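Student: Below is one structure. I have some questions about it.
Coordinate-derived values only; no laboratory data. Small disclaimer: the values here were computed from a predicted structure and weren't measured. Glycine gets a Cβ as well: all are built from the backbone with ideal geometry, and neighbour counts include every protein chain shown.
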C-alpha cells in the first residue's frame, strides 16, 4: 500500500469516527440522526445502584493484522465460545472461553451487520439491516437458509409471492423451534414468525408509543412461558406478546432499550444505545444496577448497541461506535 493510499484510508476512518461521535451527541440532545430511527430529548443516562459486576479489561486477543469494526452484537454457544458480529470485511469472529482467537468467517454475507443469536443446537443466526436478510448457519458457518433477498427491501406477502424483509434487526426462538424476526430501524416496524424450516406462519405490526416517537423494534427474547419480549429502542419500552402477536403488557423504561436479554436469574439486562449504559432490572422494569455512560474511556460507550450473557452470567456488551467489546463478571 502506498503512503498516499494509507493516508487516505486513515483519513476516512477518522472521518467515520467523527461522524459517529457527532451522531451520538445529536441523539443524546434529542435530534434526529441520519439513518437512525429518531432521537428523544427526554431520554438521558439514568441513575441507579451500581451494577454488581467487575469489568474485565481487554477480554479478547486478536491477531496483529485484525481489528474490530463497529461491533453490533455478541453471542455465546454451548461451549462458552464467544462470537462477535462487527462491521468489517470478515464480519464474524469466534473466541474460545478464555478469549483466544479461534477463527473469522462470514465473508460476502453482510452489508450492514446488526443482530446475532445462537440457538440451542449452536446454529448461528445473523440479521443484516443493509442487506435486508436473516441468515441461519450451522456451527461451522455453512449457510442453511436465507430469509429475504440481498439488497432488496419490501413486504413478506405469501399471497403476492413476495418474500422480502425490511431492515431486520434480531431473531429469537420459541421452544418448539419456531423463530421470530423483528424489523425496524426505519423499516416498517413488524414482527414475523416462521417455523423451524423457515416457513412463514404470521406477522403483526407494532403500534407506536406516540406520533412523535419512532418505533424501532431492535431486540427480541423469549421467556420460559413462551412470551416474546421486544425492545422498542427509541420509545424506551419493552413490549411483551404471546406467540400470536397479542400484546400482553408493556414495560416503560426511562432509558432506550437497544439490547435486551432475559437472564436465567429472572432479571432483565438492557443496553441503552447512546446513553452508553448497561442496566439490570427486575421483571417489572425496576432498575437494580447500572454501569457505564457515554464516552470513549474505560467502561464508557460510543453506543451500547447490544449485549448477551455467558454461562456464568457474565455480561458481554457491544460498543458499536467504539468498535470494542466490554466484559463484566458478577462480583462474588
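Student: What is the Cα coordinate range of the range 193-332 on the first, second and third principal axes, sorted by size from largest, in whole angstrom?
Tutor: Cα spread of the range 193-332 along its principal axes, largest to smallest: 44, 37, 30 Å.
Student: While we're looking at this one, here's another question. So how far apart, in nm, are the two label points at residue 140 and residue 188 if each is 7 Å from Cα heading toward Cβ?
Tutor: Using points 7 Å along Cα→Cβ, the separation is 3.8 nm.
Student: Turning to a different aspect of this structure: Extension gain residue 288-residue 107, at 0.36 nm per residue separation less the Cα-Cα distance, in nm? Let's see the in-between values first.
Tutor: Working: separation 181, 0.36 × 181 = 65.16 nm, distance 4.01 nm.
Result for the pair: 61.1 nm of gain on full extension.
Student: For each of 273, 121, 203, 129, count neighbouring Cβ atoms within 10 Å of the residue's Cβ, then give the residues from fewest to most.
Tutor: Details: 273 31, 121 11, 203 18, 129 25.
By the 10 Å Cβ count, ascending: 121, 203, 129, 273.
Student: Kindly put 319, 212, 282 in sequence by how many other C-beta atoms sit within 10 Å of each C-beta, fewest to most.
Tutor: On the way: 319 24, 212 8, 282 12.
In increasing order of surrounding Cβ atoms, one gets 212, 282, 319.
Student: A further question on this structure: Identify which of the listed values of volume of the Cα convex hull per residue in Å³ was calculated from the structure shown: [x] 189; [y] 136; [z] 244.
Tutor: Step by step, volume of the Cα convex hull per residue in Å³ for this structure corresponds to label [y].
Student: Would you mind ranking 79, 327 by Cβ crowding within 10 Å, fewest neighbours first?
Tutor: Details: 79 11, 327 20.
Least to most surrounded, the residues fall as 79, 327.
Student: Here is a follow-up. Compute the relative contact order of the chain as a whole-number percentage, counting only Cα pairs closer than 8 Å that sit 6 or more residues apart in sequence.
Tutor: Details: 877 pairs, mean separation 50.3, N = 332.
Relative CO of the chain lands at 15 percent.
Student: Moving on. Mind checking the full-extension length gain between residue 227 and residue 97? Use 0.36 nm per residue of separation minus the Cα-Cα distance, one decimal, nm. Write out the running numbers ahead of the final one.
Tutor: Numbers: separation 130, 0.36 × 130 = 46.80 nm, distance 3.03 nm.
Net length gain for the segment: 43.8 nm.
Student: Among 92, 116, 62, which one shows the highest mean-square fluctuation when the chain is modelled as a Gaussian network with alpha-carbon springs under 10 Å?
Tutor: Looking only at 92, 116, 62, the largest GNM fluctuation is found for 62.
Student: Would you list the P(r) distribution for the range 34-180, with all Cα-Cα distances sorted into 10 Å bins from 0 and each bin expressed as a whole %?
Tutor: 10, 34, 32, 20, 4, 0
Student: Now for a separate question. Which of the peptides 284-291, 218-225 is most tightly packed, and how do the rest follow, going by the mean number of other Cβ atoms within 10 Å of each residue? Kindly include the intermediate steps, with their values, before the conclusion.
Tutor: Details: 284-291: 16.4, 218-225: 19.4.
The most tightly packed comes first, giving 218-225, 284-291.
Student: Still on this structure, I have one more. Of the residues 150, 183, 246, which exhibits the maximal mean-square fluctuation in a Gaussian network model of the chain defined by a 10 Å Cα contact cut-off?
Tutor: 246
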